Protein chains: 2
Amino acid sequence: MKKRKLLVAKIGGNIIENQDSLNSFLSDFAKIKQPKILVHGGGKSATNLAMRLGVRTEMIDGRRITSVENLEIVVKTYAGLLNKKIVASLQKHNCNALGLTGSDANVILAEKRPVQFIDYGYVGDVINVNADTIKEFLELGITPVFCAVTHDGNGQLLNTNADTIASEIASAMGDHYEVSLFYCFELKGVLEDIGDKDSVIEHINLEKYNKLIEAKIIADGMLPKLQNCFDALQKKVSEVHIANAEFIKDQTTKHTTLSL
Amino acid sequence: MKKRKLLVAKIGGNIIENQDSLNSFLSDFAKIKQPKILVHGGGKSATNLAMRLGVRTEMIDGRRITSVENLEIVVKTYAGLLNKKIVASLQKHNCNALGLTGSDANVILAEKRPVQFIDYGYVGDVINVNADTIKEFLELGITPVFCAVTHDGNGQLLNTNADTIASEIASAMGDHYEVSLFYCFELKGVLEDIGDKDSVIEHINLEKYNKLIEAKIIADGMLPKLQNCFDALQKKVSEVHIANAEFIKDQTTKHTTLSL
């Protein structure tokens, strides 16, 4: 039997910070008729609240070192304000959104990252995505909206990278659906030259990926993002794209497509 | 056909503020085998965050005047930190909790309270509880956990009294279930003498309720709480109790039972 199609879209921090970009994206996303899942980040809002509260934010390689106080700020911002604003906005556009952390209905179980060289604090690595429960929500006509918070099953909430959550969910849903994964952000895709916003690399396979790393064209935050893309492709995800937020309504726009 | 039993329990601010009381309550609540719903307040946490951010909190008759900034604080605190801490803790106790605002799966629709003498700001009065969706969650073995945030269906989140949410949910579920509604807080029930914590009035019917109001024994925050109780009884709720949080594990403890 042919599997149904499922879209997993992830929107990044800069789209979320800009109210107009966010509204425009959500209005387009709501119009998609097939089953769909949204995953959102929201880093800057947490950093802003931390600043207002006088709480120090420490990042190493783009990862937030998450103290108890930082975790509370992350949960308030991601699971509270951002997630619920997005859900209410999707409801306005007749999309039956349901906001979720990994703890809700136990949909994503994680473990606190072990301390090796760096103690990331309350950062969680995904152990299991409960695909059956997510499928039950989808079958009720619900659109799950995930923020970047998981739990360890022992009462502890954990801060988990939103790109990774999107990749893990997309992979887990691959048993039930033919899954497309879109990473949407403010740029048009992976750029050959970071100074030229039109220098989009339209196709990246594993071989090209390794060459781009060697040439240092892919670096910083783009490295783990691409790793998440290839992880998803190596599991059960049919297609992965890195694109501008506008890609959600027009899939002919220039962007980056990943393949193995 | 005999209806299945459903418990709707509401826990108030003071239980939530105290980590030991909260843990103990949640551990007992998780043990209840029948379908159940939890509603929580959380006023003090929002007031504390407002203070730390230098945002003014204004209360009239125990109701929070909710400016844009206050609403953001309320959503961060209620829907974010408190709701997710409670959900993660229930998951630890093997209760499959799902945290919800009214906007999630459109479970509670409200309208912004019209300005008459007082402008309450972004405060919502409940228009509709989506009992069918809540029933679908219950049938999946999920325990819905509601915080005191609703939406207007037009993208606006609203601050809504948690006692009222509990009463409205209990009433709406009355078509499908035989519903018991427990209001759990730090006192043993409604007190004859506020200075004597053992002076519990064990039974209050409508007639006695009016007499207690006349005698000014029921006043302040207890007035709307009792009104919510009688509203629920007048709709389709089988039994309503106001009791200490310990009542959740031992229903023989002295408390207040309401009847028409």
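If contacts are Cα pairs under 8 angstrom and at least 6 residues apart, what is the relative contact order of region A:4-69 in percent? Kindly include the intermediate steps, with their values, before the conclusion.
Details: 53 pairs, mean separation 23.4, N = 66.
Contact order relative to length: 36 percent.
log10 I(q)/I(0), Debye, Cα-only the protein assembly as shown, no solvent, q = 0.08, 0.09, 0.13 Å⁻¹? Cα-only, vacuum Debye calculation for the protein assembly as shown: -0.51, -0.64, -1.24.
Starting from the label point of B:GLU58 at 7 Å along Cα→Cβ, the same points in the other copies fall at 4.2 nm, in ascending order. Take the Cα of B:GLN251, step 7 Å toward its Cβ, do the same at A:SER238, and the gap between the two points is 5.1 nm. Other residues within the sphere of radius under 14 Å centred on the Cβ of A:LEU38, judged by their own Cβ, net out at +2 (K and R +1, D and E -1).
Listed here are the pairs A:LYS44/B:LYS76; A:LYS44/B:LYS112; A:LYS188/A:LYS225; B:LYS92/B:LYS249; B:LYS10/B:LYS249; B:LYS10/B:LYS112; which of them are more than 21 Å apart at the Cα?
Working: A:LYS44/B:LYS76 15 Å; A:LYS44/B:LYS112 30 Å; A:LYS188/A:LYS225 14 Å; B:LYS92/B:LYS249 18 Å; B:LYS10/B:LYS249 14 Å; B:LYS10/B:LYS112 23 Å.
Beyond 21 Å between Cα atoms: A:LYS44/B:LYS112; B:LYS10/B:LYS112.
In summary, the aspartates and glutamates within cross-link reach of A:LYS85, defined as a Cα separation below 15 angstrom excluding same-chain residues under 8 places away, comprise A:GLU17, A:ASP20, B:GLU69, B:GLU72, B:ASP104, B:ASP152.
Would you mind giving the mean number of other chain beta-carbons within 10 Å of the Cβ of each residue in A:129-137, as a whole number? Each step should come with its number before you reach the end.
Numbers: counts 0, 0, 0, 0, 5, 0, 0, 4, 6.
Whole-number average of other-chain Cβ neighbours for A:129-137 is 2.
Calculated FRET efficiency, B:GLU111 to A:GLU214, Cβ-Cβ distance, R0 = 60 Å: about 0.50 to the nearest 0.05.
Sorted from shortest to longest, the distances between the A:ASN128 label points of this copy and the other copies are 3.8 nm, with each point 7 Å from Cα along the line through the beta carbon.
Quote the relative contact order of chain A in percent (integer), defining contacts as alpha-carbon pairs under 8 Å separated by 6+ residues. Mind dumping the intermediate values first?
Details: 518 pairs, mean separation 57.9, N = 260.
Result for chain A is 22 percent.
Remark: mean inter-chain Cβ contacts per residue of A:48-61 equal 1, using a 10 Å Cβ-Cβ cutoff to other protein chain atoms.
Per residue of B:151-162, other chain Cβ atoms within 10 Å of the residue Cβ number 3 on average. Summary value for region A:171-228: 20 percent relative contact order, contacts being C-alpha pairs under 8 angstrom separated by 6+ residues. Remark: label point of A:HIS203 defined 7 Å out from Cα along the Cα-Cβ vector; separations to the same position in other copies 8.2 nm, ascending. For the rotation carrying B onto A, the chain B residue whose Cβ lies nearest the axis, with the distance in whole Å, reads B:GLY80, 1.
Values in this text are rule-based calculations from the coordinates and carry no lab data. Treat the numbers as computed from the prediction; the structure is a model and nothing was measured. Glycine also receives a Cβ, built like all others from the backbone with ideal geometry; neighbour counts cover every protein chain displayed.
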